[in-house]
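Below is one structure, written out as structure tokens; the observations come after it.
Any read-out appearing in this document is the output of simple, stated calculations on the displayed coordinates, not a laboratory observation. Keep in mind that this is a model prediction, so the values were computed, not measured. In this analysis, Cβ positions are derived from the backbone assuming ideal geometry, glycine residues included, and neighbour counts consider all displayed protein chains.
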Amino acid sequence: MKASLRTLVRGLLLATTLLSLEAKTSETPLPDAKALDVLAEEYAHSSFPLLREILSIPNDANNPDDVEANVVWTESAFAQRGFDTQRIATAEAPLLLATRQHAAAEKTVLIYLQIDGQPVDPGRWFQASPYTPALKQRNATGDWEQIPWSAIENYDEEMRVFARSASDAKGPVAMFLASLDAMADMRMEPNFNIKVIMDYEEELGSPNLPKAVTDNRELLAADMLIIFDGPRHITNRPTLTFGARGIATITLTTYGPVVPQHSGHFGNYAPNPALRLAQLLASMKDSDGRVTIPGFYDGISIDDATKEILRAVPDNEEEIKDRLQLGSIDKVGKNYQEAIQYPSLNIRGMQSGWIDDKVRTIVPGWARAEIDVRLVLESDPERLIDLVKQHVSAQGFYVTDQMPDKAMRMAHAKVATFTYENSYQSFRTDFDSDVGRWLRSALQRAFEEDPIQIRMSGGSIPISPFVNTLGIPAVTVPTVNRDNNQHSPNENLRLGNYRDGIRTMLGILTEPL
Ligand SMILES: [Zn+2]
């Protein structure tokens, strides 16, 4: 957009806003899609240095120095924008709470932001460092080619910034700060108070968050929670996500001889732990991927109204199957959205003996499966874990949470070590809740279209401690491109999504609550 037009729209917007502040009428029109687009464009431009700066700070939560640098940066960024900031101490990384009160406010919105990123393997990034943001565009052969950072001045919406956390989730942090700046410059103020809670251990599963929320209930009190995180629906249209599955993990180990034995000398004699594990795992599911442990899906029913909600999501399942190269799919649900409304029992890794060039002719000493259980609201995590444990026991295994000693091995025909961790529960908010109606209205105004509404995403975010402890509803507002390589090398953020993210947040910040 030409600078002159931008100035004109900006002037008009400013005049309207000032008028509304002086007149204090409720009839003053809210900024429309066009005005928000212009503003988002301008503040995308002006915030690129900020985006670059925040992405240049290493943020591996395993490294306390990284955490501290990010806490200091965010403390300063929010203080500069008129927020009171306060560290909430935990056993490890602190949380940061930034609060700003507004004159016309009756309600308070809690906003969750994630600052840390997954660990990096710099050798697998096609740039100097995952913490040196690189601007790239596709060349004629479709490969991403780095271009000078200065080209961002005249950016094209298909260009991308590559860096750790570009999408997950410092990009949204930069969008939010840019939106706050736009609001301040336009002398617009939300009619609700804002509390921002920043998590520096999200990629570690937020181990200290539940206790911190419980211990700081009054401090965090709010009417609703919104989460600026995650990718939009694959169509890249405006999206609201009303829930997420929770997660628990299980480690399951079976045993053979105390140390690996020659398979010629002891094959047919020493029981093989890999086979035992395979049989055990196979007994948990049928060939269509459905868990056969009785009671695992108890309490979940997808009624007609819910089916309608799930069908309204414009998934292209042929495209999904094609992309993942799947000749068949599991039959837990009738379609993709339905499938993720159920808890899952997923083998995320298995190991026994050695393979490839390290293969050897042995009866291995042990076999291990790492399992994750994605949780839904209807299923009590302790009950699900216990069902799996009882099932292992019912297959003739003596179940222990220890590595077995000789006496234990000798006393039982089969021993399995079963340990688990219940990270956090699922959450799910009604489409017709106050927060749902409010966000829908904000996005409709910002984009002149109905957002895609996702009942529950398959992945997990640590939001249930807020929902359950504070007793408030939560909705996720995703902004980034889905093909962002999050958690992997060459994570990136599409600049069109960065701009639209600012537009989304401006829509929300200007929406009366
Ligand atoms: Zn992540």
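Across 10 Å bins from the origin, how do the percents of Cα pairs in the chain run, short distances first?
Here the calculated profile for the chain is 4, 17, 25, 25, 17, 8, 4, 1, 0, 0.
Rounded to two decimals, what is Rg over Rh for the range 80-145 when you use alpha-carbon atoms and the Kirkwood radius?
Values: Rg = 19.6 Å, Rh = 16.6 Å.
Computed over Cα atoms, the ratio is 1.18.
What is the Cα radius of gyration of the range 403-497 over 2.2 N^0.38 Å, N being its residue count? Don't jump to the answer; show the numbers that get you there.
Working: Rg = 21.9 Å, N = 95, 2.2 N^0.38 = 12.4 Å.
Normalised Cα radius of gyration, the range 403-497: 1.76.
Return the sequence-ordered ³J(HN,Hα) values of the range 255-269 in whole Hz as given by the Karplus equation 6.51 cos²θ - 1.76 cosθ + 1.60 applied to θ = phi - 60°, using x for Gly and Pro.
Calculated HN-Hα couplings, in order: 10, x, x, 4, 10, x, 10, 3, 6, x, 6, 10, x, 6, 10 Hz.
With the crude spin-label approximation of a point 7 Å out along Cα→Cβ, what separation in nm comes out for S488 versus N316?
1.9
Plugging the Kirkwood radius over Cα pairs into Stokes-Einstein for the range 20-126, at a temperature of 10 °C and a viscosity of 1.306 mPa s, what D comes out in µm²/s?
Values: Rh = 17.3 Å.
In µm²/s, the coefficient rounds to 92.
Round to a whole angstrom and tell me the spacing of the C-alpha centers of the range 344-411 and the range 232-256.
21
Among rounded, prolate and oblate, which fits the range 196-286 when a ≥ b ≥ c are the square roots of the eigenvalues of its C-alpha gyration tensor, a/c under 1.5 means rounded, and a/b larger than b/c means prolate?
Prolate, because a/c is 1.5 or more and a/b exceeds b/c.
Placing unit charges on C-beta atoms (Lys and Arg positive, Asp and Glu negative, everything else neutral), compute the dipole magnitude of the range 217-350 about its Cα centre in debye, rounded to 20.
Numbers: 14 positive and 16 negative charges, 95 e Å.
Using only the charged Cβ atoms, the result is roughly 460 debye.
Where does each of 471-478, 258-265, 90-97 land if you order them by average Cβ count within 10 Å, highest first?
Values: 471-478: 21.9, 258-265: 13.6, 90-97: 18.6.
The densest-packed peptide leads the list: 471-478, 90-97, 258-265.
Would you mind classifying the range 371-454 by shape? Square roots of the alpha carbon gyration tensor eigenvalues, ordered a ≥ b ≥ c; an a/c under 1.5 is rounded, otherwise it is prolate if a/b is larger than b/c and oblate if not.
Details: a/c = 5.29, a/b = 4.52, b/c = 1.17.
Verdict is prolate for the range 371-454.
Residues of the range 89-111 with backbone nitrogen within less than 15 Å of a virtual label 7 Å along the Cα-to-Cβ line of A184, please, listed as ranges.
Output list for this probe position: 98-102.
Would you kindly compute the Cα radius of gyration of the range 109-157 and its largest Cα-Cα separation (Dmax), both in Å?
Spelled out, the Cα radius of gyration and Dmax of the range 109-157 are 14.7, 46 Å.
Compare the Cα positions of S441, T90, V120 along the charge dipole of the chain (+1 at Cβ of Lys, Arg; -1 at Cβ of Asp, Glu; about the Cα centre) and return the one farthest towards the positive end.
Ranked along the dipole, the leading option is V120.
In terms of modelled amide H atoms, which long-range or inter-chain residues lie less than 5 Å from the amide H of K414?
Y398
Applying the Karplus parametrisation 6.51 cos²θ - 1.76 cosθ + 1.60 with θ = phi - 60° to the phi angles of the range 368-383, what ³J(HN,Hα) value in whole Hz is obtained for each residue in order, glycine and proline being reported as x?
Ordered by residue, 3J(HN,Hα) equals 9, 10, 9, 10, 10, 10, 7, 9, 10, 4, 6, 10, 5, x, 4, 5 Hz.
What whole-number volume per residue, in cubic angstrom, does the convex hull of the C-alpha atoms of the range 456-513 give? All intermediate terms of the calculation are to be shown ahead of the outcome.
On the way: hull volume 6.3 nm³, N = 58.
It is 109 Å³ per residue.
For the range 363-414, with the dipole built from +1 on Lys and Arg beta-carbon atoms and -1 on Asp and Glu ones, taken about the Cα centre, which of H412, P381, Q402 lies farthest toward the positive end?
Of the options given, the answer is H412.
From the phi angles alone, apply the Karplus equation (6.51, -1.76, 1.60; θ = phi - 60°) to the range 113-123 and give each ³J(HN,Hα) in whole Hz, x where the residue is Gly or Pro.
10, 9, 10, 7, x, 5, x, 10, 10, x, x
Along Cα→Cβ, 7 Å out, is where each label goes; now give me the distance between the ones at K406 and N335 in nm to one decimal.
Label at K406, label at N335, 6.2 nm between them.
Once you sort the root eigenvalues of the Cα gyration tensor of the range 339-397 as a ≥ b ≥ c, which label holds: rounded (a/c under 1.5), prolate (a/b larger than b/c) or oblate (the other case)?
oblate
Kindly list the residues of the range 342-375 that lie in the label zone of S328, defined by a backbone N under 19 Å from the point 7 Å along the Cα-to-C-beta vector.
Residues passing the 19 Å test: 345-347.
If each residue of separation counts as 0.36 nm, what is the full-extension length gain between E378 and R360 once their alpha-carbon separation is subtracted? The partial results should precede the final answer.
Working: separation 18, 0.36 × 18 = 6.48 nm, distance 4.59 nm.
Taking E378 through R360 to full extension adds about 1.9 nm, to one decimal.
For a quick protection proxy, order the peptides 130-137, 383-390 by their average other-Cβ count within 10 Å, most packed first. Don't skip to the answer; put the middle values down first.
Numbers: 130-137: 20.9, 383-390: 17.6.
Per-residue Cβ counts within 10 Å, averaged per peptide and sorted highest first, yield 130-137, 383-390.
Would you mind listing how long the range 324-463 runs along its three principal axes, going by Cα atoms, in whole Å with the largest first?
Principal-axis extents of the Cα atoms in the range 324-463, largest first: 69, 36, 25 Å.
What's log10 of I(q)/I(0) for the range 134-262 at q = 0.11, 0.13, 0.17 Å⁻¹, Debye sum over Cα points only, no solvent?
-0.68, -0.87, -1.21
Using a 7 Å offset from the Cα along the Cα-to-Cβ direction at both A394 and I147, what is the distance between the two label points in nm, to one decimal?
6.1
Counting only residues 5 or more places away or on other chains, whose amide H sits under 5 Å from the amide H of I57 once H atoms are built in the peptide plane?
The list, which skips near neighbours in sequence, is empty: none.
Taking all pairs of different Cα atoms in the range 180-242, averaging 1/r and flipping that mean, what Kirkwood radius in angstroms comes out?
Details: mean 1/r = 0.0669 Å⁻¹.
Taking the inverse mean of 1/r over all distinct Cα pairs, the range 180-242 comes out at 14.9 Å.
When the helices in the chain are scored as -39500 (n - 2.57) per DSSP H run of 4 or longer and the sum is shared across all residues, what 222 nm value do you end up with, to the nearest 500 deg cm²/dmol?
Details: 16 runs with 178 residues, N = 513.
Taken over the chain, the calculation gives -10500 deg cm²/dmol.
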